[in-house]
1. On the basis of being touching a residue at least 24 places away in the same chain (Cβ under 8 Å) and buried (at least 22 other Cβ atoms within 10 Å of the Cβ), does Leu274 make the cut?
2. Looking for something modelled with pLDDT of 95 or more, in a helix (DSSP H, G or I) and in contact with a helix residue (DSSP H, G or I) (Cβ under 7 Å, 6 or more places away or on another chain) - is there at least one such residue anywhere in segment 28-44?
3. Within segment 36-53, how many residues are open to solvent by 70 Å² or more (accessible area, probe 1.4 Å) and not acidic (Asp, Glu)?
4. Which one of Val121, Val180 is among the β-branched types (Val, Ile, Thr), open to solvent by 40 Å² or more (accessible area, probe 1.4 Å) and closer than 30 Å to Ser36 by Cβ?
5. Give the number of residues within segment 189-211 that are under 28 Å from Pro164 (Cβ atoms) and either open to solvent by 20 Å² or more (accessible area, probe 1.4 Å) or touching a strand residue (DSSP E or B) at 6+ places or on another chain (Cβ under 8 Å) (or both).
6. Say whether the condition of being assigned to a loop (DSSP other than H, G, I, E, B) and touching a helix residue (DSSP H, G or I) at 6+ places or on another chain (Cβ under 9 Å) is met by at least one residue in segment 80-99.
7. Please determine whether any residue of segment 194-208 is charged (D, E, K, R), at pLDDT 90 or above, farther than 23 Å from Gln116 by Cβ and part of a helix (DSSP H, G or I).
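The values are calculated or read from the model by the stated rules, or taken from the named source; none is laboratory data. If you're wondering where the values come from, they're calculated on a predicted model, not measured in any experiment. Virtual Cβ from ideal backbone geometry, glycine too; neighbours counted across all protein chains shown. We work out accessible area using only protein heavy atoms, side chains counted, and drop any ligands, DNA or RNA first. Shrake-Rupley method; radii C 1.70, N 1.55, O 1.52, S 1.80 Å.
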Amino acid sequence: NPQKNDENGNCSGEGIEFPTTNLYELESRVLTDHWSIPYKREESLGKCLIASTYLARLGLSDSDENCKRFMDRCMPEAFKKLLTSSAVHKWGTEIHEGIYNMLMLLVDLVAERVKQDPIPVGLLGVLTMAFNPDNEYHFKNRMKVCQKNWAEVFGEGNMHAVSPISTFQKEPHGWLVDLVNRFAELGGFSAIQSKLNSEDIELGAISALVQPFGVCAEYLNSSVVQPMLDPVIHKMIKYVQNVEEKDLKDKRLVSIPELLSGIKLLCMRFQPDLVTAVDDLRLDILLRMLKSPHFSAKMNSLKEV
């Protein structure tokens, strides 16, 4: 079934095939020391991202083996190189704008996929990297202003992310603000909120859902985002306070220190009076894991310390 693309490279028609040829080409360009990553919509990274989003919308992204292969291995590596390598500072405007477009496509994909189960822990890790204002890419583009008037989308004062009011305080980071607002516009925030409120959610999944907001907490609009994240902050602090000795051998508790780091970043923005409590709690749980007779708990706390 031939796949029809409109001028934006969007797939139409029921029988979409994941563009395997593009995936192979991309792997040969990304997973190598002498890498060069395509940054245009109609090139292989763009095509694979658009196809993955389309499959995610149909609930098929995890069952298509090529799509899964792209999301698990090639895509995280591509964004890691585009966002965190020192080469970032040598690239010209066209490349930086191209990466902005690829990040927008990544946001589309995660927003679509996070609406479904299971929670896409790996994808949320890539989103966390994309939302991190301290990576090379965002640092390089920190003076950029927003490309879109988000007040028109959400209404005045209701944006999910905002540039700091005073320039003395911090750079505008407008491109980062664009990404976070785009994620909200596509329903990513509400999807994460409903996942965080579900009953039988695992600690590792909670941690994965919290991290993207933790890293960009300084740019979140507290009047909109705080009511959404406060319940999870309180719930998690209480949960960790009640962890018993026998629980420490549970492999799933490995995520506690990481979860608390994410919660701490949110507290610094929304609940400054809780920061010390979270710090103490994190240290306390690490020490308890160290003293625990369970080898895996010991090793994990050592890794964190």
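1. Details: touching a residue at least 24 places away in the same chain (Cβ under 8 Å): yes; buried (at least 22 other Cβ atoms within 10 Å of the Cβ): no.
Answer is no for this residue.
2. Among the residues of segment 28-44, at least one is modelled with pLDDT of 95 or more, in a helix (DSSP H, G or I) and in contact with a helix residue (DSSP H, G or I) (Cβ under 7 Å, 6 or more places away or on another chain), which makes the answer yes.
3. Quick first cut of segment 36-53, residues open to solvent by 70 Å² or more (accessible area, probe 1.4 Å) only: 40-42, 47.
Okay, now just the ones that are also not acidic (Asp, Glu), so 40-41, 47.
Selection size over segment 36-53: 3.
4. Numbers: Val180 fails: open to solvent by 40 Å² or more (accessible area, probe 1.4 Å).
That would be Val121, the only listed residue that is among the β-branched types (Val, Ile, Thr), open to solvent by 40 Å² or more (accessible area, probe 1.4 Å) and closer than 30 Å to Ser36 by Cβ.
5. If we filter segment 189-211 for residues that are under 28 Å from Pro164 (Cβ atoms), which is where we start, we get 189-193, 196, 207-211.
Now restrict to residues that are either open to solvent by 20 Å² or more (accessible area, probe 1.4 Å) or touching a strand residue (DSSP E or B) at 6+ places or on another chain (Cβ under 8 Å) (or both): 190, 193, 211.
The number of residues fulfilling the criteria is 3.
6. From segment 80-99, those assigned to a loop (DSSP other than H, G, I, E, B) are 85, 91-92; that's our starting set.
Of the ones still in play, those that are also touching a helix residue (DSSP H, G or I) at 6+ places or on another chain (Cβ under 9 Å) are 85, 91.
Within segment 80-99 (the criterion being assigned to a loop (DSSP other than H, G, I, E, B) and touching a helix residue (DSSP H, G or I) at 6+ places or on another chain (Cβ under 9 Å)), the answer is yes, since at least one residue qualifies.
7. Our first condition is that a residue be charged (D, E, K, R); within segment 194-208, this holds for 195, 199-200, 202.
Subsequent filtering for residues that are at pLDDT 90 or above retains 195.
Those still in the list that are farther than 23 Å from Gln116 by Cβ too: none.
No.
Let's see how each residue does on (1) surrounded by fewer than 23 Cβ atoms within 10 Å (Cβ to Cβ); (2) touching a Gly at 6+ places or on another chain (Cβ under 9 Å); (3) at pLDDT 95 or above:
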site	(1), (2), (3)
Leu55	no, no, yes
Asp64	yes, no, yes
Asp72	yes, yes, yes
Lys80	yes, no, yes
His96	yes, no, yes
Leu103	no, no, yes
